[in-house]
Amino acid sequence: MYKAKAYAASSATSALASTTVARREPTATDVQIEILFCGICHSDLHQVRNEWKEVMPTVYPCVPGHEIVGRVTKVGPGVKKFKVGDLAAVGCMVDSDGTCPNCREGLEQYCPNLTLTYNFPDKHHAGPVTYGGYSDSVVVDQRFVLRVPSNLGLAGTAPLLCAGITTYSPLRHWGATKGKKVGIVGLGGLGHMGVKFSRALGAHTVVFTTSPSKVEDALRLGAHEVVISKNANDMQKHTGSFDFILDCVSADHDINAYINLLRRDGNLTLVGAPEKPLAVSSFGLIFGRKSLSGSAIGGIAETQEMLDFCGEHNITSDVEVIPIQKVNEAYDRLLKSDVKYRFSIDMASLKSE
Ligand SMILES: [Zn+2]
Ligand SMILES: [Zn+2]
């Protein structure tokens, strides 16, 4: 075991502060990574403040962060995929049983014995739970370490590991491609990646937003059209025309208005997580055999596919880079959606702690 520098919350009400956590020495199949950038995901904030105590109570100290990119500093003797000096990335998960039907199909994200990157029981017992990427290093089994295309900016690459794959996976699953009409609802951390991917996959891409101030940005990010969702007339014009709609909104909203926009057999997938249950009109689904789904990140193979796709199409997240010392301020701003479109922590700033 060794001590890694980190930023952690010591309780649900305390600010994140500098500390050290124990990490394991790399085993035969492990990769040790010096973390260069870590994105800030809304989940980090929920977990730190123990807002998911019903399903995933937080164990303190809590080191969040599951949008990790860095450089390999050590590998175990059994590691074939990576060598010292390679770029590498880690997303929301660091282990799974590898044997269940989901794992066998490359859908590790749905494994019942999944280990998430932070606040999950640590199978290696370096600590009571896993510690995430707000840290100078991490040790992860090679199965859960991704290769990073060399042409991408690293600060903007970090958010691909959660916001990126969360939007890429359902777009691929539901066949967003040339000739298809795709809607992206909400233009935040998730939505802005959804627009970029939908456009790059060749679909006719329409962004729905409540803010007229976001129209210009949506077009810049790749939207062919932008609809102000509060304008009923503009919504009406798109009735029954969408093959697929990706709903990235985590606030309460009327999804029936979007189900109405789907064509026959169209699908609406939720990736945002509103706190209260959403009301769904069954008639909206029945007439037109439409479906409503959810989706969680993506498997390891698909995450690698997404990173390679980003390399080919030069796609990264739009980020505001901050030093780790500004993380608490960033959380306050995140609550006000005051970021375009993701914070990425420059982990070199942790060296001075
Ligand atoms: Zn996340
Ligand atoms: Zn499994």
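The values are calculated or read from the model by the stated rules, or taken from the named source; none is laboratory data. This structure is a prediction, so every number in the text was calculated from the model and none was measured. Here Cβ is always computed from backbone atoms with ideal geometry, including for glycine, and neighbour counts include all displayed protein chains. In case anyone asks, the SASA skips ligands and DNA or RNA and just uses the protein heavy atoms, side chains included. Shrake-Rupley method; radii C 1.70, N 1.55, O 1.52, S 1.80 Å.
Evaluate the following for residue 58: is it touching a helix residue (DSSP H, G or I) at 6+ places or on another chain (Cβ under 6 Å) and part of a loop (DSSP other than H, G, I, E, B)?
Details: touching a helix residue (DSSP H, G or I) at 6+ places or on another chain (Cβ under 6 Å): yes; part of a loop (DSSP other than H, G, I, E, B): yes.
Spelling it out, residue 58 is indeed touching a helix residue (DSSP H, G or I) at 6+ places or on another chain (Cβ under 6 Å) and part of a loop (DSSP other than H, G, I, E, B).
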Exercise. Are any of the residues in the range 308-325 crowded, with 21+ Cβ neighbours inside 10 Å, part of a helix (DSSP H, G or I) and modelled with pLDDT of 95 or more?
Worked result: yes
Exercise. Among all residue pairs at least 6 apart or on different chains, which show Cβ distances below 8 Å where the first residue, located in the range 108-121, is on the phi > 0 side of the Ramachandran plot and the second is within 16 Å of ligand 1 (Cβ to nearest atom)?
Worked result: 119/47; 119/56; 119/58; 119/62; 119/64; 119/130; 119/132
For this session: Find the residue count for the range 309-353, including only residues that are acidic (Asp, Glu) and over 28 Å from residue 169 (Cβ atoms).
Result: 3
Exercise. What pairs come up if the first residue lies in the range 21-46 and is open to solvent by less than 30 Å² (accessible area, probe 1.4 Å), the second is among the acidic types (Asp, Glu) and more than 16 Å from ligand 1 (Cβ to nearest atom), and their beta carbons are under 7 Å apart, counting only those six or more places apart or on different chains?
Worked result: 30/141; 35/136
Seminar exercise, completed: residue 289 meets each of (1) assigned to a strand (DSSP E or B); (2) in contact with a strand residue (DSSP E or B) (Cβ under 9 Å, 6 or more places away or on another chain); (3) more than 30 Å from residue 134 (Cβ to Cβ) with one exception, condition (1)
Exercise. Among the residues of the range 79-109, which ones are of a type in the set (Gly, Ala, Ser), within 16 Å of ligand 1 (Cβ to nearest atom) and in a loop (DSSP other than H, G, I, E, B)?
Worked result: 91
Seminar exercise, completed: Scanning the range 230-280 residue by residue, those among the hydroxyl-bearing types (Ser, Thr, Tyr), within 28 Å of residue 46 (Cα to Cα) and at pLDDT 95 or above turn out to be 258, 269
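Look at the range 47-58 and say how many of its residues are surrounded by fewer than 17 Cβ atoms within 10 Å (Cβ to Cβ) and at pLDDT 95 or above.
Here is the first cut: in the range 47-58, the ones surrounded by fewer than 17 Cβ atoms within 10 Å (Cβ to Cβ) are 51-57.
Remaining after also requiring at pLDDT 95 or above: 57.
Residues in the range 47-58 being surrounded by fewer than 17 Cβ atoms within 10 Å (Cβ to Cβ) and at pLDDT 95 or above: 1 in total.
Consider residue 276 carefully, then state whether it is of a type in the set (Lys, Arg), under 30 Å from residue 239 (Cα atoms) and open to solvent by less than 50 Å² (accessible area, probe 1.4 Å). Quick ask: steps written out before the conclusion?
Details: of a type in the set (Lys, Arg): yes; under 30 Å from residue 239 (Cα atoms): yes; open to solvent by less than 50 Å² (accessible area, probe 1.4 Å): no.
No.
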For this session: Kindly indicate whether any position in the range 137-148 is within 16 Å of ligand 2 (Cβ to nearest atom) and either under 25 Å from residue 334 (Cβ atoms) or in a helix (DSSP H, G or I) (or both).
Result: yes
For this session: Select from the range 110-127 the residues that are part of a loop (DSSP other than H, G, I, E, B) and within 16 Å of ligand 1 (Cβ to nearest atom) and list them in ascending order.
Result: 114, 117, 118, 119, 120
For this session: Please state which one of 135, 96 is over 22 Å from residue 192 (Cβ atoms), under 21 Å from the mean Cα position of the chain (by Cα) and surrounded by 24 or more Cβ atoms within 10 Å (Cβ to Cβ).
Result: 135
Exercise. For residue 153, which of the numbered conditions (1) within 19 Å of the chain's Cα centre (by Cα); (2) open to solvent by less than 20 Å² (accessible area, probe 1.4 Å) fails to hold?
Worked result: (2)
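From the residues in the range 228-249 that are closer than 13 Å to residue 182 by Cβ and more than 21 Å from the chain's Cα centre (by Cα), which one is least open to solvent (accessible area, probe 1.4 Å)? First the steps, then the outcome.
Here is the first cut: in the range 228-249, the ones closer than 13 Å to residue 182 by Cβ are 238, 241-248.
From the residues that got through so far, the ones that are more than 21 Å from the chain's Cα centre (by Cα) too are 238, 241-243.
Details: 238: 16, 241: 33, 242: 0, 243: 38 Å².
Going through the qualifying residues, I end up with 242.
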